[in-house]
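The values are calculated or read from the model by the stated rules, or taken from the named source; none is laboratory data. Please read these numbers as outputs of a predicted model, since none were measured by experiment. Cβ sites come from the backbone with ideal geometry, for glycine too, and all protein chains shown count toward neighbours. Areas reflect the complete protein model, heavy atoms only, side chains present, ligands, DNA and RNA absent. Shrake-Rupley method; radii C 1.70, N 1.55, O 1.52, S 1.80 Å.
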Amino acid sequence: MPGRTYHDPLHGAIALDRADPTEALLIDLIDTPAFQRLRRIRQLGPASLTFHGAESSRFTHSLGVMAIARRAFDRLATRHRELQPHRAAVLCAALLHDIGHGPFSHTCEEIFGSHHEHWTRRILEESEPVRSRLDAYDPALLPQLSQIYQKTHPLPVVWQLVTSQLDCDRLDYLMRDSYFTGASYGRLDLDRILMAMGYDPTTQQLVVAKKGMAAIEHYLIVRYFMYAQIYNHPKNIAATWGLQQAFRRARELLALGKLSADDTVTAWLQGDCNTLPLAQYLQADDGVFIYHLQRWQQHDDPVLADLCRRFVDRDLFKATDISPLSPEAHPEVLEQVRRSLSHRGLIADYYCGIRVALSRGYTLYQRGIKLQTENGLQELSELSPLVKTLTQPLQRSWLIHPREIDLSAWWQ
């Protein structure tokens with residue numbers, strides 16, 4: 001039987017061979033409706049309103065993570081044959097790690113309180129096309145995937161390749177998001193990073209050769225800049241906040257019986273989306289929600305209509321950095337904006353607010369990154385002054401408000 005090839009702008013030809021049972025399983029999982037749905041969910045949510053090229057999907061990212069995981073795992077397993085039985089678990093976990101994402105990706109979690117990890121688990125357990133393929137391959141595979149996502153797999157390297165400080169998920173999204181946003185400082189030396197990765201049989205964990213420290217330092221610097229300059233870009237923060245206000249107003253109007261929406265969006269607005277029936281959750285994607293935003297531009301409620309228009313037409317709110325002010329001054333500035341909005345006849349609750357963004361290049365999350373040295377395994381931040389610096393978080397506070405509100409006079 002023929003295989004499958006996906007031509008990826010980052011990784012080139014991602015070829016899967018049906019003669020390999022694990023790769024045949026990957027093809028079948030990709031073809032399930034739940035995975036195909038990821039084509040309709042943008043990787044960076046509303047970030048394309050800031051970076052016009054940021055229109056790649058969770059589908060392309062998930063394929064990329066699997067491709068990197070295959071390279072990393074196969075290289076390790078060639079040297080350590082005892083890892084070979086875990087190939088299917090690692091590659092499936094890499095491929096399916098984001099299958100639970102809702103509309104607008106992580107922005108969905110901010111707006112609706114959904115948890116994509118929760119939905120990934122439910123999809124693997126409850127979606128018949130996905131579950132049947134996993135069980136047919138090996139009834140023990142699904143429990144292994146759960147162990148990987150919960151970081152409880154008895155072999156730490158198995159879950160570390162998928163979810164850790166140096167995992168295949170991070171490697172792909174940093175490279176992919178850099179590529180599609182045009183952030184040239186986000187280019188990684190993937191080959192050198194993968195060559196630096198190793199396996200320590202004693203602790204059974206993922207480690208890095210000391211000679212690869214510079215490549216890992218670069219990776220962490222890239223991560224720091226991507227969070228500071230891309231993910232926490234003020235326009236992204238403002239676009240997300242405006243979208244949140246639109247759905248908040250829609251939720252309130254629906255409760256009053258003053259809003260029309262299809263069954264899917266109605267269910268999402270009415271209660272806890274984490275308790276929805278699986279079929280109703282899977283019916284939601286970016287297109288479904290953007291269609292409603294377009295419709296609601298003509299709604300009788302002027303607040304909802306205006307908030308939807310602002311998002312659809314990219315008439316975004318402005319995010320002003322108020323970090324230089326003392327924290328005690330933030331509520332005072334917000335109140336000044338609220339009064340100004342009230343004088344203009346606007347309901348201040350929907351048109352201004354404060355958001356705090358945190359950027360950090362490195363943490364000791366899940367064991368951190370261990371270097372192989374002549375003195376044994378050592379934590380990366382203990383050997384690298386640069387990485388030590390990256391452990392310090394950068395926190396910025398943003399005042400969200402309409403662009404027509406000029407704050408310059410208040411800064412004097």
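Per residue, the solvent-accessible area of the chain (1.4 Å probe, heavy atoms of protein chains only, all protein chains present) comes to 43 Å². Counted residue by residue at 0.36 nm each, then reduced by the alpha carbon distance between them, the extension gain from residue 386 to residue 278 reaches 34.3 nm.
Accessible area per residue was computed with a 1.4 Å probe on protein heavy atoms; residue 296 scores about 10 Å². Given springs between every Cα pair under 10 Å in a Gaussian network model of the chain, which of 242, 45, 113 has the largest fluctuation? Most flexible of the set in this elastic network: 113. In terms of overall dimensions, the chain has a Cα radius of gyration and Dmax of 23.1, 72 angstrom.
In this structure, the residue pairs whose Cα-Cα separation is over 20 Å, taken from 211/388; 151/211; 210/370; 151/388; 151/370, are 151/211; 151/388. Highest mean packing first, where packing is the average number of other Cβ atoms within 10 Å per residue, the peptides 203-210, 335-342 line up as 203-210, 335-342.
The angle between the Cα long axis of helix 128-137 and the longest principal axis of the Cα atoms of the chain comes to about 10 degrees, rounded to the nearest 10. Across the range 132-248, Cα-Cα distances exceeding 26 Å account for 40% of all pairs. Based on Cα contacts under 8 Å between residues 6+ apart, the range 230-340 shows a relative contact order of 33 percent.
For a straight C-alpha distance cut-off of 19 angstrom, the lysines reachable from residue 235 (same-chain residues fewer than eight places away being disregarded) are 318. Pairs of C-alpha atoms in the range 140-201 farther apart than 17 Å represent 51 percent of all such pairs.
Given a 1.4 Å probe and the protein chains as shown, residue 184 ends up with an accessible area of around 80 Å².
In the chain, the longest principal axis of the Cα atoms and the axis of helix 330-343 are about 50 degrees apart. Taking the chain as a Gaussian network, where each spring joins two C-alpha atoms under 10 Å apart, which residue of 31, 172, 349 fluctuates the most? Ranking 31, 172, 349 by mean-square fluctuation puts 349 first. Largest GNM mean-square fluctuation across 19, 239, 34, computed for the chain with C-alpha springs under 10 Å, falls on 19. Global size of the range 101-156: 13.2, 37 Å for Rg and Dmax (C-alpha atoms, Rg to one decimal, Dmax whole).
For the range 226-301, how big is the tail of P(r) above 16 Å, as a whole percent of Cα pairs? That tail contains 57 percent of the Cα-Cα pairs.
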